[in-house]
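Working notes, beginning with the structure itself.
The values are calculated or read from the model by the stated rules, or taken from the named source; none is laboratory data. Just so it is clear, the structure is predicted and the values come from calculations on it, not from any experiment. Backbone-built Cβ (ideal geometry, glycine too); neighbour counts: all protein chains shown.
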Amino acid sequence: MKIKSLLIANRGEIVIRIASTAKKLDIKIFGIKTSREPNAYYLRFVDEIIDFSQDQEELPEYLDIERIIEAAKERGIQAIHPGYGFLAESPYFAERCEEEKIIFIGPSASAIYKMGNKTIAKQIATKQKVPLLQGSIGNVRNHSEAIEIADKIGYPVILKAAAGGGGRGMRIVEKESQMERMFRTAASEAEKAFNDSSLFIEKYVKNPRHIEFQIIGDKFGNYIHLGERECSIQRKHQKLIEESPSVAINDRLRSEMGNAAIRIARAVNYFNAGTVEFLLDADKKYYFMEMNTRIQVEHPVTEIVTNTDLIELQIIVAENKKLPVKQDDINIKGWAIECRINAEDVQGGFSPSLGTIRRIAYPRGKNIRIDTGVTDMSVVTPYYDSMIAKLIVYGESRKKVLNSCMNALKKFWISGIKTTIPFCIQVMNHKKFKKGDFNTSFIEKELKKPYYQESTDEMLAAYVAAFDFAADLENDRTAFINFEHGKNISPWVLKKRIRSL
């Protein structure tokens, strides 16, 4: 069935990304206008707006499955793409779409449930002979049971939410005395995030790499993988910089891990796009972590190095067609790096930076791609994720793409809020990152400070502030006289000027 109308049940940059492919395929695009973002930038890229902005409901607009289903039915919309996030990982949403004869652009409800539950996913991986870390076979009932398992496999261990990911409901336990408190905290966090407090426990690997494989399958049993993404630059289990391919993976290991990812997908009759995530230790031994049953934030790096459109492949599979490519057609060429530009104050401990983006200027170039959901005068609110843009840079080699990425970051300019751009520059400039010698502990262990600063920055700021201060004195004769006689001059004036730059 050819999809002619599509509701993108999401917000921000992923709406614009999906819409760009849908337009190429001559699909009418519907988007959702909300009370929290009534003037959102992404609404400019849809053909018809479904206005939820006047509704006063308890659930946020993007979480209310029944309202979204009803809106699609009223307008005769054929398909819904959930993007990434809550709806993309909801088996109930996929099931409701199926019940209402709406095409859900994603896997089946059964596959989402099985792979979304980490305990079930681990059991499936075991049957498929995919390596796993030692740990509990199923969920752990209480902290006492967790201690018994930890005593067998050895500390440190990690507690993880069975029903979710993204770093929520996850705690590292170094010794027995910490277990009760960590178990309670992780279970509470999992309950709030996923409405399920279930936890499992496994051996914690210190300083591994985080490697994920992009797979896609159709409803006819055809599967391919599109290589790996390196996702080891993380803070509190949240990815910040990704690249493809990985310096740690050779052709043999790529084939082995890619085939392991496909075996897991095949075991649950998975179709559409998905990502299988692994830990890779210093000895190049890999261990299955989880499967994300959706398109990923970092999918652009895979698209660039394999010259594919993953959203288009998702739509083709959803139309009940066979994949138009085979494994032999997939070739990784060159290198790509993605930097997530978040509205966060890096110097303030990555605290949220809210407000209005007064002006934004993007770097441009042949091998530069910007995926964003904001423009001049966009408002960054506390209601949604802090990511406002993604900078993706391509090059023939990793060395070339690192240089290009550094230059692009320095030309990426945003006023009105603070962003993670200085952090990204700092990482790109680090000698170990340049060598490819890093793992998931890189930020904590290698970065002396999490932001880049030119050696002349402070001097230049003081220089400009001094001239600014002098201009004020020139314009204010009284102040100038007081300055000459050393009277009534506040030592905070210059500091205020510097901070205002």
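Quick one: how many residues across segment 210-245 are in a loop (DSSP other than H, G, I, E, B) and at negative phi?
Here is the first cut: in segment 210-245, the ones in a loop (DSSP other than H, G, I, E, B) are 218-222, 236-237, 245.
Filter once more, so that each one left must be at negative phi: 218-220, 222, 245.
Selection size over segment 210-245: 5.
Examine segment 215-235 for a residue that is without any contact (Cβ under 8 Å) to a residue 24 or more places away in the chain, over 14 Å from the mean Cα position of the chain (by Cα) and not assigned by TED's automatic domain parsing to the domain that holds LEU159, and state whether such a residue exists. Spell out how you get there, then give the answer.
Step one: filter segment 215-235 for residues without any contact (Cβ under 8 Å) to a residue 24 or more places away in the chain, giving 230.
From the residues that got through so far, the ones that are over 14 Å from the mean Cα position of the chain (by Cα) too are none.
Looking for residues that are without any contact (Cβ under 8 Å) to a residue 24 or more places away in the chain, over 14 Å from the mean Cα position of the chain (by Cα) and not assigned by TED's automatic domain parsing to the domain that holds LEU159, one finds none in segment 215-235, hence no.
For segment 136-159, how many residues meet the condition of being of a type in the set (Ser, Thr, Tyr), in contact with a helix residue (DSSP H, G or I) (Cβ under 7 Å, 6 or more places away or on another chain) and surrounded by fewer than 14 Cβ atoms within 10 Å (Cβ to Cβ)? Steps first, please.
Step one: list which residues in segment 136-159 are of a type in the set (Ser, Thr, Tyr), which gives 136, 144, 155.
Okay, now just the ones that are also in contact with a helix residue (DSSP H, G or I) (Cβ under 7 Å, 6 or more places away or on another chain), so 136.
Applying the additional criterion that residues be surrounded by fewer than 14 Cβ atoms within 10 Å (Cβ to Cβ) yields none.
Summing the residues that are of a type in the set (Ser, Thr, Tyr), in contact with a helix residue (DSSP H, G or I) (Cβ under 7 Å, 6 or more places away or on another chain) and surrounded by fewer than 14 Cβ atoms within 10 Å (Cβ to Cβ) in segment 136-159 gives 0.
Applying the selection to segment 322-348, what residues are closer than 27 Å to SER404 by Cα and either assigned to a loop (DSSP other than H, G, I, E, B) or not assigned by TED's automatic domain parsing to the domain that holds ILE414 (or both)? So that I can check it myself, show each step before the final result.
Here is the first cut: in segment 322-348, the ones closer than 27 Å to SER404 by Cα are 330-347.
Result: ILE330, ASN331, ILE332, LYS333, GLY334, ALA343.
When PRO38 is evaluated against the numbered criteria (1) more than 24 Å from LEU391 (Cβ to Cβ); (2) at pLDDT 95 or above; (3) assigned to a loop (DSSP other than H, G, I, E, B), which criterion, by number, is the only one it fails?
(2)
Tell me the residue from ARG36, ARG44 that is touching a residue at least 40 places away in the same chain (Cβ under 8 Å), among the basic types (Lys, Arg) and not assigned by TED's automatic domain parsing to the domain that holds SER378, please. First the steps, then the outcome.
Details: ARG44 fails: touching a residue at least 40 places away in the same chain (Cβ under 8 Å).
None of the others qualify; the one that does is ARG36.
Among the residues of segment 406-426, are any surrounded by 11 or more Cβ atoms within 10 Å (Cβ to Cβ), farther than 23 Å from ALA343 by Cβ, assigned by TED's automatic domain parsing to the domain that holds HIS237 and at pLDDT 95 or above?
Narrowing segment 406-426 to residues surrounded by 11 or more Cβ atoms within 10 Å (Cβ to Cβ): 406-426.
From what is left, the residues that are farther than 23 Å from ALA343 by Cβ are none.
No; the residues of segment 406-426 include none that is surrounded by 11 or more Cβ atoms within 10 Å (Cβ to Cβ), farther than 23 Å from ALA343 by Cβ, assigned by TED's automatic domain parsing to the domain that holds HIS237 and at pLDDT 95 or above.
For ASP371, indicate whether it is closer than 25 Å to ILE216 by Cβ, among the acidic types (Asp, Glu) and in contact (Cβ under 8 Å) with a residue 60 or more places away in the chain.
Working: closer than 25 Å to ILE216 by Cβ: yes; among the acidic types (Asp, Glu): yes; in contact (Cβ under 8 Å) with a residue 60 or more places away in the chain: yes.
Spelling it out, ASP371 is indeed closer than 25 Å to ILE216 by Cβ, among the acidic types (Asp, Glu) and in contact (Cβ under 8 Å) with a residue 60 or more places away in the chain.
Out of ARG141, ARG181, which single residue is farther than 30 Å from ASN320 by Cα and at pLDDT below 95?
Values: ARG181 fails: at pLDDT below 95.
Selected residue: ARG141, the only one of ARG141, ARG181 that is farther than 30 Å from ASN320 by Cα and at pLDDT below 95.
Looking at this structure, is LEU199 crowded, with 16+ Cβ neighbours inside 10 Å and not assigned by TED's automatic domain parsing to the domain that holds VAL427?
yes
Any chance segment 374-387 includes a residue that's surrounded by fewer than 17 Cβ atoms within 10 Å (Cβ to Cβ) and closer than 26 Å to PRO208 by Cβ?
Within segment 374-387, one or more residues are surrounded by fewer than 17 Cβ atoms within 10 Å (Cβ to Cβ) and closer than 26 Å to PRO208 by Cβ.
Going by the conditions given, is LYS122 surrounded by fewer than 16 Cβ atoms within 10 Å (Cβ to Cβ), out of contact with any Ser or Thr (no Cβ under 6 Å at 6 or more places or on another chain) and more than 28 Å from ALA9 (Cβ to Cβ)?
Details: surrounded by fewer than 16 Cβ atoms within 10 Å (Cβ to Cβ): no; out of contact with any Ser or Thr (no Cβ under 6 Å at 6 or more places or on another chain): yes; more than 28 Å from ALA9 (Cβ to Cβ): yes.
Criteria not met by LYS122.
Could you please let me know if ALA162 is closer than 22 Å to GLU290 by Cβ, modelled with pLDDT under 95 and either surrounded by fewer than 13 Cβ atoms within 10 Å (Cβ to Cβ) or not hydroxyl-bearing (Ser, Thr, Tyr) (or both)? Step through it out loud before you land on a result.
Numbers: closer than 22 Å to GLU290 by Cβ: yes; modelled with pLDDT under 95: yes; either surrounded by fewer than 13 Cβ atoms within 10 Å (Cβ to Cβ) or not hydroxyl-bearing (Ser, Thr, Tyr) (or both): yes.
Yes, satisfied.
Any residue at all in segment 97-108 that is under 16 Å from ASN272 (Cβ atoms) and among the acidic types (Asp, Glu)? Working first, answer last.
Pass one, segment 97-108, residues under 16 Å from ASN272 (Cβ atoms): 97-98, 102-108.
Still in the list and also among the acidic types (Asp, Glu): 98.
Checked against the condition, which is being under 16 Å from ASN272 (Cβ atoms) and among the acidic types (Asp, Glu), segment 97-108 yields at least one hit.
So, in segment 150-177, how many residues would count as being outside any loop (DSSP other than H, G, I, E, B), of a type in the set (Gly, Ala, Ser) and touching a residue at least 12 places away in the same chain (Cβ under 8 Å)?
Within segment 150-177, the first condition is being outside any loop (DSSP other than H, G, I, E, B), and the residues that meet it are 150-153, 157-161, 171-173, 176-177.
The next check asks that each one be of a type in the set (Gly, Ala, Ser); those that pass are 150, 161, 177.
Next cut, touching a residue at least 12 places away in the same chain (Cβ under 8 Å) only: 150, 161.
The number of residues fulfilling the criteria is 2.
If you go through segment 282-315 one residue at a time, how many are without any contact (Cβ under 8 Å) to a residue 60 or more places away in the chain and surrounded by fewer than 20 Cβ atoms within 10 Å (Cβ to Cβ)?
Here the count works out to 3.
Counting only residues that are over 20 Å from SER397 (Cα atoms) and of a type in the set (Phe, Trp, Tyr), how many does segment 329-372 have?
So the count comes out to 2.
Going through segment 271-321 one residue at a time, which ones are closer than 14 Å to ASP218 by Cβ and either assigned to a loop (DSSP other than H, G, I, E, B) or modelled with pLDDT under 95 (or both)?
Let us first name the residues in segment 271-321 that are closer than 14 Å to ASP218 by Cβ, namely 271-274, 310, 312-321.
Answer for segment 271-321, where residues must be closer than 14 Å to ASP218 by Cβ and either assigned to a loop (DSSP other than H, G, I, E, B) or modelled with pLDDT under 95 (or both): PHE271, GLU319, ASN320, LYS321.
Say whether the condition of being at pLDDT 95 or above, part of a strand (DSSP E or B) and either within 22 Å of LYS399 (Cα to Cα) or of a type in the set (A, V, I, L, M, F, W, C) (or both) is met by at least one residue in segment 184-191.
No, that holds for no residue.
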